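Visitor: Sending over a structure as structure tokens; questions will come in a sec.
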Amino acid sequence: MYYYVSGSVAHVEPYLAVIDCGGVGYACRTTAYTLSQIKKGEKAKLFTYLSVREDAMDLYGFASQEELKLFQQLISVSGVGPKAALGILSSSSPANLAMNIITGNEKALTAAPGVGKRIAQRVILELKDKLAKGQTVGASGENVAGPAVTIIPQNKLSEASAALAVLGYSQAEINVALKGIDIDSLPLEQVIRLALKNMLKK
């Protein structure tokens, strides 16, 4: 129903941002990461997801489409509701979260409030392959093919490439970013971090 809301930031508090759009304040439930990207009194654009239940209608807003997609993927996991999804997204940046899921970093997910070991394992189990293959999850829960990425099991180079592709980088950018990194001797997480640093140097 709403693709995004754009206007002045009228109010912020933990997990909530109110965006004034032409005199109407849209209360958007959001993450600590998105709140760190906006400022009260300044203009902001949040990409939205409308959750409709029998007893409530809630609007969720995110600073980037990547974070919105991750939110939709998280709530598609059995046992993960919007509140838990916001908590998981608030514990790190979208880029780090995608990397933690792909690399199976269970400890990083359980750092989010209200997320136990069982939910963390379920998130990794259900989303690892979808993220690695560049898939996104539609509003009704169906898989929608994203950028095509060839995955070779247990291949560190392929896993690193897949993680970077999920974050929106092209294969040409990924190849340049990975050049010169000692992939064989470094842990996968370190390879991805170094590649991201190389991206930022451009």
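The values are calculated or read from the model by the stated rules, or taken from the named source; none is laboratory data. This is a predicted model, so every value here is computed, not measured. Because the Cβ atoms are built from the backbone with ideal geometry, glycine has one as well, and the counts that use them run over all protein chains shown. The protein model used for the area step is the full one, side chains on, heavy atoms only, and it has no ligands, DNA or RNA in it. Shrake-Rupley method; radii C 1.70, N 1.55, O 1.52, S 1.80 Å.
Visitor: Among residues belonging to region 22-54 that are of a type in the set (A, V, I, L, M, F, W, C) and surrounded by fewer than 14 Cβ atoms within 10 Å (Cβ to Cβ), point out the one that is farthest from residue 87 (Cα to Cα). Reasoning before the result, please.
Guide: At the first step, the residues of region 22-54 found to be of a type in the set (A, V, I, L, M, F, W, C) are 24, 27-28, 32, 35, 38, 44, 46-47, 50, 52.
When the remaining residues are screened for being surrounded by fewer than 14 Cβ atoms within 10 Å (Cβ to Cβ), the result is 24, 50, 52.
Numbers: 24: 27, 50: 18, 52: 20 Å.
In this case the residue turns out to be 24.
Visitor: Residue 74 passes all but one of (1) open to solvent by 30 Å² or more (accessible area, probe 1.4 Å); (2) free of Cβ contacts under 8 Å to residues at least 60 places away in the same chain; which number fails?
Guide: Checking residue 74 against (1) open to solvent by 30 Å² or more (accessible area, probe 1.4 Å); (2) free of Cβ contacts under 8 Å to residues at least 60 places away in the same chain, the one that fails is (1).
Visitor: Would you check which residues across region 42-55 are farther than 16 Å from residue 2 by Cα and at pLDDT 95 or above and list them?
Guide: 42, 43
Visitor: Based on what the data block shows, is residue 128 surrounded by fewer than 18 Cβ atoms within 10 Å (Cβ to Cβ), modelled with pLDDT under 90, within 20 Å of residue 158 (Cβ to Cβ) and among the basic types (Lys, Arg)?
Guide: So residue 128 fits the description; yes.
Visitor: Still on this structure, please answer the following. What pairs can you find where one residue is in region 111-126 and closer than 16 Å to residue 71 by Cβ, the other is polar (S, T, N, Q) and part of a helix (DSSP H, G or I), and their Cβ atoms are less than 8 Å apart, with a gap of 6+ or different chains?
Guide: Sorted first by the residue in region 111-126, then by its partner, the pairs are 112/90.
Results for (1) surrounded by fewer than 21 Cβ atoms within 10 Å (Cβ to Cβ); (2) of a type in the set (Gly, Ala, Ser), shown as yes or no for each residue.
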residue: 16; (1), (2): yes, no
residue: 56; (1), (2): yes, yes
residue: 85; (1), (2): no, yes
residue: 97; (1), (2): no, no
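Visitor: Let me ask you something else. Read through the list (1) closer than 23 Å to residue 197 by Cα; (2) in contact with a Ser or Thr (Cβ under 8 Å, 6 or more places away or on another chain), then give the number of the only condition that residue 61 fails.
Guide: That leaves (1) as the condition not met.
Visitor: Which of the helices (runs of 4 or more DSSP H) found entirely inside region 45-120 contain at least 3 residues meeting this: in contact with a Phe, Trp or Tyr (Cβ under 7 Å, 6 or more places away or on another chain)?
Guide: Details: elements: 65-75, 82-90, 94-102, 106-110.
Per the criteria, 65-75, 82-90.
Visitor: On to the next question. Pick from region 168-200 the residues that are touching a residue at least 24 places away in the same chain (Cβ under 8 Å) and open to solvent by less than 40 Å² (accessible area, probe 1.4 Å): which of them is nearest to residue 103 (Cα to Cα)?
Guide: Per the criteria, the residue is 188.
Condition check ((1) assigned to a helix (DSSP H, G or I); (2) more than 20 Å from residue 64 (Cβ to Cβ); (3) modelled with pLDDT of 85 or more) across all residues:
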residue: 147; (1), (2), (3): no, no, no
residue: 169; (1), (2), (3): no, no, no
residue: 173; (1), (2), (3): yes, no, yes
residue: 196; (1), (2), (3): yes, no, no
